[in-house]
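> What follows is a structure written as structure tokens; I'll ask about it next.
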Amino acid sequence: MEIKKVGVLGCGLMGSGIAQTTATAGFETIVREVSDELIAKGFAGVEKSLAKFAEKGTITDDQQQQIRARLTGTTKFEDLADCDIIIEAIIENLETKRDTYKQLDAICQPETIFASNTSSLSITEMMTATSTERQKRFIGLHFFNPVPIMKLVEVVRTILTDEAVYERTVDFGRRLGKTPVRASDKTGFIVNRLLVPYLLDAIRALEEGVGSIVDIDNAMKLGCGYPMGPFTLGDFVGLDTTYYIAEIMFNEFREKRFAPPPLLKRMVSAGLYGRKSGRGFYDYTADPKNPTPMHLNQSI
């Protein structure tokens, strides 16, 4: 069955970005949230993003209006019943996701593909909340922030995913203008499996006095050609998010390289999440364009 209509669960940062991307690619898209207020907030972000693309000439004013017209919001699961694929981007809580999928499984057409945007949770554990037949049509579609700009999507299969469904979803990723990479349902998939230990090692290097925040960042940018250093990247991703993913990966693999360093735990406990909170490894409160390194030994 060709994918024509897309459902998106969640209209937060990732959900609204996914919805914008699918609508831009020409798909009728319906977004479900728990309240009209959250839908309005998410769609306002989409409209702001589309306006920026129009200002840059990436899309025309007519295209901007057409994309927005393909987007519809709802608070009802039932309005997703005739979607060909439903992409879930709600809170990273396994039981909440399982409960959501159980409700959807009862009302969606048998052909509907269920896809989760999770970055760390087990697709298989979510899948088992649905019927045996639905489990063959259950995958991971892990997008990256900001979704309308980042070109990568990880397409994740379980041991039960139907091959034809998987290939159709890979093709759907291409139709969205993304480069799909194939991954299996192992915690962290490809990107976080490699990225998280790198971020954690940088924090350990700081703890051990190998170098300062700025020097370690500059070393990785200028020595390895990375667009940003590990501390700048960690602040951008969110140190709370990094800590959460690391905890899940450590519980899965029980390997030291996935264990959150003490400094990371204390920063998260202190509310130093990075850009989202104003302070992380850098202080963004005075001048966001020129963050000031924090004296962590004095602050934590």
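The values are calculated or read from the model by the stated rules, or taken from the named source; none is laboratory data. What you are looking at is a predicted structure, and each value in this text was computed from that prediction instead of being measured. Virtual Cβ from ideal backbone geometry, glycine too; neighbours counted across all protein chains shown.
> Given Arg193, Arg174, Arg182, which one is basic (Lys, Arg) and without any contact (Cβ under 8 Å) to a residue 12 or more places away in the chain?
Arg174
> Continuing with this model, one more query. How about region 164-175: which of its residues are over 16 Å from the mean Cα position of the chain (by Cα) and of a type outside the set (Asp, Glu)?
Within region 164-175, Ala164, Val165, Tyr166, Arg168, Thr169, Val170, Phe172, Arg174, Arg175 meet the criteria.
> From the list Glu133, Glu111, Glu163, Glu154, which one is closer than 21 Å to Met14 by Cα and of a type outside the set (A, V, I, L, M, F, W, C)?
Unique residue meeting the criteria: Glu154.
> Applying the selection to region 61-106, what residues are hydrophobic (A, V, I, L, M, F, W, C) and either assigned to a helix (DSSP H, G or I) or in contact with a Leu (Cβ under 7 Å, 6 or more places away or on another chain) (or both)?
Hits for region 61-106 are Ile67, Ala69, Phe77, Leu80, Ile86, Ile87, Ala89, Ile90, Leu94, Leu104, Ala106.
> I need a count of the residues in region 125-173 that are part of a loop (DSSP other than H, G, I, E, B), touching a strand residue (DSSP E or B) at 6+ places or on another chain (Cβ under 6 Å) and over 16 Å from Glu111 (Cβ atoms).
2
> Any residue in region 27-43 that is part of a loop (DSSP other than H, G, I, E, B), at pLDDT 95 or above, among the small types (Gly, Ala, Ser) and surrounded by fewer than 16 Cβ atoms within 10 Å (Cβ to Cβ)?
Looking for residues that are part of a loop (DSSP other than H, G, I, E, B), at pLDDT 95 or above, among the small types (Gly, Ala, Ser) and surrounded by fewer than 16 Cβ atoms within 10 Å (Cβ to Cβ), one finds at least one in region 27-43, hence yes.
> Still on this structure, I have one more. Can you find a residue that is in contact (Cβ under 8 Å) with a residue 60 or more places away in the chain and among the basic types (Lys, Arg) anywhere in region 1-12?
Within region 1-12, one or more residues are in contact (Cβ under 8 Å) with a residue 60 or more places away in the chain and among the basic types (Lys, Arg).
> Can you confirm whether region 92-104 contains a residue that is touching a Lys or Arg at 6+ places or on another chain (Cβ under 8 Å) and either surrounded by fewer than 19 Cβ atoms within 10 Å (Cβ to Cβ) or under 22 Å from Leu195 (Cβ atoms) (or both)?
no
> Oh, and also: With respect to Ala246, determine if the residue is out of contact with any strand residue (DSSP E or B) (no Cβ under 7 Å at 6 or more places or on another chain) and either more than 20 Å from Ser119 (Cβ to Cβ) or without any contact (Cβ under 8 Å) to a residue 24 or more places away in the chain (or both).
No; evaluated as a whole, the condition is false for this residue.
> What is the one condition in (1) modelled with pLDDT of 70 or more; (2) in a helix (DSSP H, G or I) that Asn297 does not satisfy?
(1)
> Out of the residues in region 249-275 meeting the condition of being out of contact with any Leu (no Cβ under 8 Å at 6 or more places or on another chain) and in contact (Cβ under 8 Å) with a residue 40 or more places away in the chain, tell me which one is surrounded by the fewest Cβ atoms within 10 Å (Cβ to Cβ).
In this case the residue turns out to be Pro262.
> Now a separate question. Between residues in region 211-224 that are free of Cβ contacts under 8 Å to residues at least 24 places away in the same chain and residues that are small (Gly, Ala, Ser) and in a helix (DSSP H, G or I), which pairs lie under 9 Å by C-beta distance while being six or more apart or on different chains?
Gly211/Ala205; Gly211/Ala219; Ile216/Ala202; Ile216/Ala205; Asp217/Ala202; Met220/Ala202
> Show the residue pairs that are 6+ apart or on different chains and have beta-carbon atoms under 6 Å apart, the first residue being within region 13-36 and more than 12 Å from Asn117 (Cα to Cα), the second being charged (D, E, K, R) and assigned to a strand (DSSP E or B).
Pairs found: Glu28/Lys5.
> Then there is this: So which residues in region 60-81 are of a type outside the set (S, T, N, Q) and exposed (fewer than 14 other Cβ atoms within 10 Å of the Cβ)?
Selection gives Asp61, Asp62, Ala69, Lys76, Glu78.
> Answer yes or no: is there a residue in region 211-225 that is more than 29 Å from Leu141 (Cα to Cα) and part of a loop (DSSP other than H, G, I, E, B).
Checking region 211-225: at least one residue is more than 29 Å from Leu141 (Cα to Cα) and part of a loop (DSSP other than H, G, I, E, B).
> Does region 192-208 include one or more residues that are under 21 Å from the mean Cα position of the chain (by Cα), in a loop (DSSP other than H, G, I, E, B) and surrounded by 14 or more Cβ atoms within 10 Å (Cβ to Cβ)?
So far as region 192-208 goes, no, none of its residues is under 21 Å from the mean Cα position of the chain (by Cα), in a loop (DSSP other than H, G, I, E, B) and surrounded by 14 or more Cβ atoms within 10 Å (Cβ to Cβ).
> Among the residues of region 214-231, write down those that are under 13 Å from Tyr198 (Cα atoms) and either touching a strand residue (DSSP E or B) at 6+ places or on another chain (Cβ under 8 Å) or of a type outside the set (A, V, I, L, M, F, W, C) (or both).
Asp217, Tyr226, Gly229, Pro230, Phe231
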